[in-house]
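Accompanying notes for the structure given below.
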Amino acid sequence: MTRPTLILIAALGASSLACGFLDEEIATITYEEGIPFDFEINADALCPPDIDCDAEPQPAPEAVDLYPIEFDIAVDIVEASGNDELQGVGQRLRSVEITSIDYEITENSLNFELPSIDIYVGPLDATSPEDEGTVLLTTIPATPAGENASARAPAVEESLETTSDLFKSLQFAALPSSQPRIEEGQPFPPRGSAKVKLTINIKLVANPLDAI
């Protein structure tokens, strides 16, 4: 076989491989979705024991720690996004990237400062930030008493790789955690409530040609 023939065969082979690569990349699908979840903070549930929480609020003679704010919220990404197509690509997900995290605090009638809230995420069966596999996703800043707020919260860089792997299962637990405190001179016992909503904006990349 002559050298030109060998070169031609090699070129044809490379062309076939290139076409296959292009076909595979063309089949790649990208979804951009918002994953919302919410919870409500009620002062009645935070009042410590042995305190008459029905009494008229008066300036606190000293600082008082309230019950911790703790929730475990099961989040189904398919259901939360409203995109049923995600169910079919779950096992062919190449990556899940958090693009931003938005939060809203509304209907805030709390008579004390809402402290910063750490948002952990973990496996669906996680119920506490201390459970195995949980990581800190972001922190919502403190909000003054009676004020509403909305902004973008930064994702914790060190958690992004773990979070991406966790979200590939299309289900996870969201675990808000905070320690509220009434400072000396502030109204006590606590009153009011506030609604908190988070939206995790993500980009999912899948390829139907990938083997399961």
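The alpha carbon gyration tensor of the stretch 31-162 gives principal lengths a ≥ b ≥ c with a/c of 1.5 or higher and a/b greater than b/c, which makes the shape prolate. Only one residue of 154, 87, 60 has its Cα farthest out toward the positive end of the dipole of the stretch 28-176, where Lys and Arg carry +1 and Asp and Glu -1 on Cβ, and that residue is 87. Each other residue within a Cβ distance under 14 Å of residue 183 adds +1 if Lys or Arg and -1 if Asp or Glu, for a net charge of -3.
Which of rounded, prolate or oblate describes the stretch 91-212 when judged by the alpha-carbon gyration tensor and an a/c cut-off of 1.5?
The shape class here is prolate.
Checking every one of the GluC sites (Glu not before Pro) in the stretch 111-190 against DSSP loop status and a limit of 15 other Cβ atoms within 10 Å picks out 130, 132, 147, 183, 184. Phi angles across the stretch 101-108 convert, under the Karplus curve 6.51 cos²θ - 1.76 cosθ + 1.60 with θ = phi - 60°, into 3J(HN,Hα) values of 9, 10, 9, 9, 10, 10, 6, 7 Hz, Gly and Pro given as x.
Where a number appears in this text, it was derived from the coordinates with a stated rule and is not lab data. Please read these numbers as outputs of a predicted model, since none were measured by experiment. Cβ coordinates were reconstructed from backbone atoms using ideal geometry, including for glycine residues, and neighbour counts include every protein chain displayed.
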